[in-house]
Structures are given as structure tokens and as C-alpha cells.
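**Student:** Questions regarding the structure given below will be posed in turn.
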Amino acid sequence: MNTPILYIKSGCPWCTEALSYFSTNNIRLETREVRSNKAFMEQMVKHSSQTKTPTFVHGEFVVADFDIGEFKAAINQAPAVKAQLGL
């Protein structure tokens with residue numbers, strides 16, 4: 001299984017909330033800070049067609065500009081991804 005990617009911006013409260021949620025649920029992530037790395041920003045825009053964070057990418061499953069409630073709603077619509085992540 002590929003490691004999920006979480007694109008974040010420092011100082012973003014939704015990013016902090018997302019990091020806490022994934023940590024609490026023992027989800028290993030690769031975090032990519034997009035303000036300090038132009039290439040990461042370009043990758044995020046390629047995946048999500050937008051510049052807002054947090055953005056979660058796992059294969060073809062992408063959730064952009066979310067709070068935890070929105071992430072949970074999205075992951076519930078993707079049971080295979082939910083199972084892969086152990087949620």
C-alpha cells in the first residue's frame with residue numbers, strides 16, 4: 001500500500017486538526033508543506049485542482065480543503081480506501 005500524502009500549510013488550523021486525527025487513528029502519512037515547497041504546491045494542484053489545505057491524497061482518492069467531518073463523509077463513500085487505511 002502506498003503511503004497517503006497530506007498536503008498542509010503551516011499555521012492552518014484545519015491542517016493541525018487533520019494531523020491530530022490521523023495520528024490518533026494511527027494513519028502513517030507523508031506530510032508535504034506547500035508554502036515552503038513550490039513543487040509540493042504544484043503536485044497538490046495537479047491532484048485537487050485547487051490551492052487550499054489540508055488536502056489528502058491516497059491513490060485516486062483525494063479530499064481537498066476539508067475539516068474532519070468532511071473527511072469522514074468522504075471516506076465513508078470509499079469503503080475500499082477506508083479499509084486500506086484501517087478506519
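**Student:** For region 28-44, what are the residues that are closer than 20 Å to residue 70 by Cα and either in contact with a strand residue (DSSP E or B) (Cβ under 9 Å, 6 or more places away or on another chain) or crowded, with 17+ Cβ neighbours inside 10 Å (or both)?
**Tutor:** Residues satisfying the conditions are 29, 31, 44.
**Student:** Next up: Please specify each residue of region 46-68 satisfying the condition of being of a type in the set (Val, Ile, Thr) and either closer than 16 Å to residue 83 by Cβ or more than 11 Å from the chain's Cα centre (by Cα) (or both).
**Tutor:** 51
For every residue, the table says whether it meets (1) among the aromatic types (Phe, Trp, Tyr); (2) surrounded by 15 or more Cβ atoms within 10 Å (Cβ to Cβ); (3) under 10 Å from residue 7 (Cβ atoms).
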residue: 47; (1), (2), (3): no, yes, yes
residue: 76; (1), (2), (3): no, no, no
residue: 79; (1), (2), (3): no, no, no
residue: 82; (1), (2), (3): no, yes, no
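**Student:** Still on this structure, I have one more. Mind listing just one residue for me: the one in region 1-19 that is surrounded by fewer than 16 Cβ atoms within 10 Å (Cβ to Cβ) and under 21 Å from residue 84 (Cβ atoms) and, of those, modelled with the highest pLDDT?
**Tutor:** Taking the candidates together, the pick is 3.
**Student:** Here is a follow-up. Do you know which residues across region 52-69 are touching a strand residue (DSSP E or B) at 6+ places or on another chain (Cβ under 9 Å) and either surrounded by fewer than 18 Cβ atoms within 10 Å (Cβ to Cβ) or polar (S, T, N, Q) (or both)? Working first, answer last.
**Tutor:** If we filter region 52-69 for residues that are touching a strand residue (DSSP E or B) at 6+ places or on another chain (Cβ under 9 Å), which is where we start, we get 52-58, 62-66.
Hits for region 52-69 are 52, 53, 55, 62, 65.
The values are calculated or read from the model by the stated rules, or taken from the named source; none is laboratory data. These numbers were taken from a predicted model, which means no experiment stands behind them. For neighbour counting, all protein chains shown are included, and Cβ atoms are generated from backbone atoms with ideal geometry for every residue, glycine included.
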